[in-house]
1. Suppose we filter region A:50-77 for residues that are farther than 16 Å from A:GLN6 by Cα and open to solvent by 20 Å² or more (accessible area, probe 1.4 Å); how many remain?
2. Within the set of pairs 6 or more residues apart or between chains, which connect a residue that is in contact (Cβ under 8 Å) with a residue 24 or more places away in the chain inside region A:62-83 to a residue that is open to solvent by 60 Å² or more (accessible area, probe 1.4 Å) and among the small types (Gly, Ala, Ser) with Cβ atoms less than 8 Å apart?
3. Taking into account only those residues within region B:1-41 that are closer than 17 Å to A:LYS41 by Cα and among the β-branched types (Val, Ile, Thr), which is most open to solvent (accessible area, probe 1.4 Å)?
4. Which of the residues that make up region A:78-112 are in contact with an Asp or Glu (Cβ under 9 Å, 6 or more places away or on another chain), open to solvent by less than 20 Å² (accessible area, probe 1.4 Å) and aliphatic (A, V, I, L, M)?
5. Any residue that is touching a Leu at 6+ places or on another chain (Cβ under 6 Å), of a type in the set (Val, Ile, Thr) and over 26 Å from B:LYS112 (Cα atoms) - is there at least one of those in region B:76-94?
6. B:GLU88 versus (1) in contact with a Gly (Cβ under 7 Å, 6 or more places away or on another chain); (2) touching a residue at least 60 places away in the same chain (Cβ under 8 Å): which is the lone unmet condition?
7. Filter region A:54-80 for residues that are more than 19 Å from A:GLY16 (Cβ to Cβ) and not polar (S, T, N, Q) and give the result.
8. Test A:VAL12 against the criterion of being out of contact with any Asp or Glu (no Cβ under 7 Å at 6 or more places or on another chain), aliphatic (A, V, I, L, M) and in a loop (DSSP other than H, G, I, E, B), and give yes or no.
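The values are calculated or read from the model by the stated rules, or taken from the named source; none is laboratory data. Being a predicted model, the structure only gives us computed values, none of them experimental. All Cβ positions, glycine included, derive from the backbone under ideal geometry; neighbour counts span all protein chains shown. Ligands, DNA and RNA are stripped out before the accessible areas are found, and what is left, the full protein with its side chains, is counted by its heavy atoms. Shrake-Rupley method; radii C 1.70, N 1.55, O 1.52, S 1.80 Å.
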Amino acid sequence: DTAVSQTPKYLVTQMGNDKSIKCEQNLGHDTMYWYKQDSKKFLKIMFSYNNKELIINETVPNRFSPKSPDKAHLNLHINSLELGDSAVYFCASRPDSQETQYFGPGTRLLVL
Amino acid sequence: AQSVTQLGSHVSVSEGALVLLRCNYSSSVPPYLFWYVQYPNQGLQLLLKYTTGATLVKGINGFEAEFKKSETSFHLTKPSAHMSDAAEYFCAVSEIPGGKLIFGQGTELSVKP
């Protein structure tokens, strides 16, 4: 009965590779988000989608591309990975009727 | 622009003592305020939120917070700390319902036996 799930939980890869992180929510929520938590635990919004439409796009390198195939999924594709991309990436979702965002367990990305 | 400042990156209390985690915000409009907790290697869980109405809000696990507009503060308290409260706590603000969350730097709470 997982609410917001992310795959994989851990991802270790080499610099220059391309990787994807997947997020799914089974809550029927309308809006989904990606946040990045750096090594100092600072959390920052990256993207937000509402019903498959991009609504928030913060200053993020264009190597990062979100894709929302349907309302329940928001994936994050990262091209040409760099050392500085190492972080924990959190997906979140929210119904239109509420202010609260519900977070997934995170994907820990390590770029070597 | 919105911002959140959490005073003290690390707070240590004894079990049974009062927990006080400080949060000050900056917002050009009436804010929506949140406290989230993050246990080691886990995601964020909502503790409580303020949107409108009563300025003292109660959350899960015995935590509460008071919105003080004049002080632009939203401090988190718990009367008696428990060992299980040890975690990272994040204060966050949003200017519109469901808008992006701007997080503070986080405060790590340690609870000593």
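1. Within region A:50-77, residues that are farther than 16 Å from A:GLN6 by Cα and open to solvent by 20 Å² or more (accessible area, probe 1.4 Å) number 15.
2. none
3. Step by step, filter region B:1-41, then rank; the result is B:THR5.
4. A:ILE78, A:LEU81, A:ALA87, A:LEU109, A:VAL111
5. Within region B:76-94, one or more residues are touching a Leu at 6+ places or on another chain (Cβ under 6 Å), of a type in the set (Val, Ile, Thr) and over 26 Å from B:LYS112 (Cα atoms).
6. If we test B:GLU88 against (1) in contact with a Gly (Cβ under 7 Å, 6 or more places away or on another chain); (2) touching a residue at least 60 places away in the same chain (Cβ under 8 Å), just (2) comes out false.
7. A:LEU54, A:ILE55, A:ILE56, A:GLU58, A:PRO66, A:LYS67, A:PRO69, A:ASP70, A:LYS71, A:ALA72, A:HIS73, A:LEU74
8. Taking the combined requirement at face value, the residue does not satisfy it.
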